[in-house]
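Have a look at the structure below, then the notes.
The values are calculated or read from the model by the stated rules, or taken from the named source; none is laboratory data. A quick note: this is a predicted structure, and the numbers were derived from the prediction, not measured. Quick reminder, even Gly has a Cβ in these numbers, built from the backbone with ideal geometry, and neighbours come from all protein chains shown. Quick note on the areas: whole protein, heavy atoms, side chains included, nothing else; ligands and nucleic acids left out. Shrake-Rupley method; radii C 1.70, N 1.55, O 1.52, S 1.80 Å.
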Amino acid sequence: MGVYLVSVEADDWLDDEVFGAVGREIDTALAARGLPPFVCPPATEFRAGSGQHFEAKMYRPVSGFERFCRESADGTLEALLGWDVLLPVELEAPLVLPVACAYNDVTAVGDARRALAAARRLAELLALPPGIPEHCDNLEIGHWFDGQAAAAATAFPGRWTEDLDVAFHAALFLRAAEYTLRRGRPLAYS
């Protein structure tokens, strides 16, 4: 059990029982801004480590990360935590749709480019170490923080080691935004 951040497959994106209503509302909001509808790429076969899917468990406390984002006072909090669905679509501000999602009565849609810029700033501030998995098909980020982070802290000491919960979320949102832009797929909480 728990909250997961996962990539959305085309079949789920179009399914009325999963994301269909959200997808239609997104397309309506995009059309109102003069933008084309969002098309979710076709489904791909799962192969661990391929980078074609994204799955991360949100198992670490987020309160310290929220504080860290607020201290940045540059839109970081909204860019990284102000959405329920992340899209590879340029948006001036998150879209708030009158459709319920997994954890809210409305669905906020964020821009992966804004999320990536904010996540890169945090990664730089924290001096995240090399070696954090780039592909996160099967909970790799969590596994890395539970296993290899200790060795990385010895080899690459720095601010990131002061609060591993903050570092975990910074790495997670960095990889999430990179994935969304690289694969063109939405991410959502489930």
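Compute the accessible area per residue over region 38-148, keeping the other protein chains in place, probe 1.4 Å, unit Å². Walk me through the numbers before you get to the answer.
Values: 5530 Å² over 111 residues.
That works out to 50 Å² per residue.
Quick one: with all protein chains in place, what share of the accessible area of the chain is carbon or sulfur, to the nearest percent (1.4 Å probe)?
With neighbouring chains kept in place, the figure for the chain is 53 percent.
First select every other residue whose beta carbon is under 15 angstrom from the beta carbon of LEU91; then total the charges, Lys and Arg +1, Asp and Glu -1.
Neighbour charge sum, excluding LEU91 itself: -4.
Given the Cα-Cα distance of SER72 and ARG24 and 0.36 nm per residue of separation, how much length would full extension add, in nm?
Working: separation 48, 0.36 × 48 = 17.28 nm, distance 3.41 nm.
Gain on stretching SER72 to ARG24: 13.9 nm.
If Lys and Arg each add +1 and Asp and Glu each add -1, what is the summed charge of the other residues whose beta carbon sits under 14 Å from the beta carbon of ALA176?
Surrounding charge for ALA176 is +1.
Only loop residues by DSSP count here, and only those with at most 12 other Cβ atoms within 10 Å; note down the chymotrypsin sites (Phe, Trp or Tyr not before Pro) in region 23-117 that meet that.
Taking region 23-117 and a limit of 12 other Cβ atoms within 10 Å, the loop chymotrypsin sites (Phe, Trp or Tyr not before Pro) found are PHE46, TYR103.
Sequence gap at least 6, Cα distance under 8 Å: using those rules, report the relative contact order of region 35-146 to the nearest whole percent.
Details: 122 pairs, mean separation 36.5, N = 112.
Relative contact order here is 33 percent.
Expressed in nm to one decimal, what extension gain is obtained for the pair ASP105 and ALA150 from 0.36 nm per residue of sequence separation less their Cα-Cα distance?
Gain on stretching ASP105 to ALA150: 12.3 nm.
Share of antiparallel DSSP beta bridges in region 1-129, in percent to the nearest 5? Let's see the in-between values first.
Details: 6 of 9 bridges.
Of the beta bridges lying entirely in region 1-129, close to 65 percent run antiparallel.
Roughly how many nanometres apart are two label points built 7 Å out from the Cα toward the Cβ at ASP11 and TYR189?
2.6
Give me the net charge for the shell around ASP12: Cβ to Cβ below 15 angstrom, other residues only, Lys and Arg +1, Asp and Glu -1. All intermediate terms of the calculation are to be shown ahead of the outcome.
Values: positive: ARG24, ARG183, ARG185; negative: GLU9, ASP11, ASP15, ASP16, GLU17, GLU55, ASP84.
My count for the surroundings of ASP12 gives -4.
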